[in-house]
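Structure record follows, encoded as structure tokens.
The values are calculated or read from the model by the stated rules, or taken from the named source; none is laboratory data. Bear in mind the structure is a predicted one, so any value in this text is a computation, not a measurement. Neighbour counts run over all protein chains shown; Cβ positions are idealised from the backbone, glycine included. These accessible areas exclude ligands, DNA and RNA; they are computed on the full protein's heavy atoms, side chains included. Shrake-Rupley method; radii C 1.70, N 1.55, O 1.52, S 1.80 Å.
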Amino acid sequence: MGASFSSCVCDGDGTPLRPRLGDIPESCVALVLMYLDPPDICKLARLNRVFRDASSADFIWESKLPLNYKFIVEKALKDVSVEELGKRDIYARLCRPNSFDNGTKEIWLDKRTGGVCLAISSQALRITGIDDRRYWSRISTEESRFHTVAYLQQIWWLEVEDDVDFQFPPGKYSVFFRLQLGRSSKRLGRRVCKTDDIHGWDIKPVKFQLTTSDGQRAVSQSHLDNPGHWVLYHAGNFVSKSPNDLMKIKFSLTQIDCTHTKGGLCVDSVFICNSDLKKEV
């Protein structure tokens, strides 16, 4: 090590030379990279061979992965063995949307924080009257990550609910319903939104509820508005304390005041994500 360092700081005639980035030991570079966010690690890996090799160290990426990443891998990457991939490769695979449950759910990690995001398609939700074409229809659209949404023409009793069992890493999580008033489509290459069926949402608010298997509960109400735009409506928050325990999350959207009908609503999906990641979904 000493001889190598001496050759780096002096040339043949004894003139001092400045140390180069390539002279830093790979182990030291890896220890520094461990304290950076994943996007910054990937940027520095382009500097030279030492940084590139150091950036692939398993201990760096294991510190970025959720504590229960093996559970997530088993859910989302069933064709992959954890032992066959390095931790950097596992992190990269999990940062892409990974579908499971017959394509009705997706899970991914936020690239910067490693926070867990879970999306549940309208196809997986329990929707009252969904099989009755007088009330609901399935619509194909590019505006959904699942390429389909449930569209409500008109109904007296609105009830959309579901539950999910999952091991959530420790942290605070938020649940959102992704909804839109109006039916959007493409016409001559331009986006248009049909609003003829929209009615009843200004009379009474929609009620959102959230409960967990460990006794947490949240209730909120909101008038649906902003026709022609997808909106994330906040259903509530919950806290996960143990990464190894399955937690059942129940959530619902209801408007069951039968004094009036309501219609013109698109239901896309439900998002569950770390509370600071709303802008990412």
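Do you know which of the residues in region 67-84 that are part of a loop (DSSP other than H, G, I, E, B) and either in contact with a Lys or Arg (Cβ under 8 Å, 6 or more places away or on another chain) or in the same structural domain as residue 124 (by the TED database) (or both) is modelled with the highest pLDDT? Per the stated criteria, the residue is 77. Every listed requirement among (1) outside any loop (DSSP other than H, G, I, E, B); (2) touching a Phe, Trp or Tyr at 6+ places or on another chain (Cβ under 8 Å); (3) not acidic (Asp, Glu) is met by residue 129 save one, (1). For region 243-260, taking the residues that are modelled with pLDDT of 95 or more and surrounded by fewer than 23 Cβ atoms within 10 Å (Cβ to Cβ), the one that is farthest from the chain's Cα centre (by Cα) is identified as 254.
For region 121-146, taking the residues that are among the polar types (S, T, N, Q) and open to solvent by less than 20 Å² (accessible area, probe 1.4 Å), the one that is farthest from residue 95 (Cα to Cα) is identified as 122. Number of residues in region 86-116 that are among the hydrophobic types (A, V, I, L, M, F, W, C) and part of a loop (DSSP other than H, G, I, E, B): the value is 1.
Restricting attention to region 67-114, which residues are under 14 Å from the mean Cα position of the chain (by Cα) and basic (Lys, Arg)? Across region 67-114, the qualifying residues are 93, 96, 105, 111, 112.
Residues that are outside the structural domain of residue 219 (by the TED database), among the small types (Gly, Ala, Ser), open to solvent by less than 30 Å² (accessible area, probe 1.4 Å) and in contact with a Phe, Trp or Tyr (Cβ under 9 Å, 6 or more places away or on another chain) do occur in region 85-107, at least one of them.
The number of residues in region 147-174 that are open to solvent by 20 Å² or more (accessible area, probe 1.4 Å), closer than 29 Å to residue 67 by Cβ and either in contact with a Lys or Arg (Cβ under 8 Å, 6 or more places away or on another chain) or part of a strand (DSSP E or B) (or both) comes to 5.
I want to confirm something. Restricting to region 193-234 and keeping residues that are in a strand (DSSP E or B) and over 19 Å from residue 176 (Cβ atoms), which single residue is least open to solvent (accessible area, probe 1.4 Å)? Among those residues, the one meeting the criterion is 193. Does residue 146 meet the test of being among the aromatic types (Phe, Trp, Tyr) and in contact with a strand residue (DSSP E or B) (Cβ under 6 Å, 6 or more places away or on another chain)? Against the criterion (among the aromatic types (Phe, Trp, Tyr) and in contact with a strand residue (DSSP E or B) (Cβ under 6 Å, 6 or more places away or on another chain)), residue 146 qualifies. Being buried (at least 19 other Cβ atoms within 10 Å of the Cβ) and either in contact with an Asp or Glu (Cβ under 6 Å, 6 or more places away or on another chain) or among the aliphatic types (A, V, I, L, M) (or both) holds for only one residue in 118, 36, 44, 77, and it is 118. Screening residue 52 with (1) open to solvent by 20 Å² or more (accessible area, probe 1.4 Å); (2) at pLDDT 95 or above gives one miss only, at (2). Apart from one condition, residue 119 fits all of (1) under 17 Å from the mean Cα position of the chain (by Cα); (2) closer than 30 Å to residue 197 by Cβ; (3) in a helix (DSSP H, G or I); the exception is (3).
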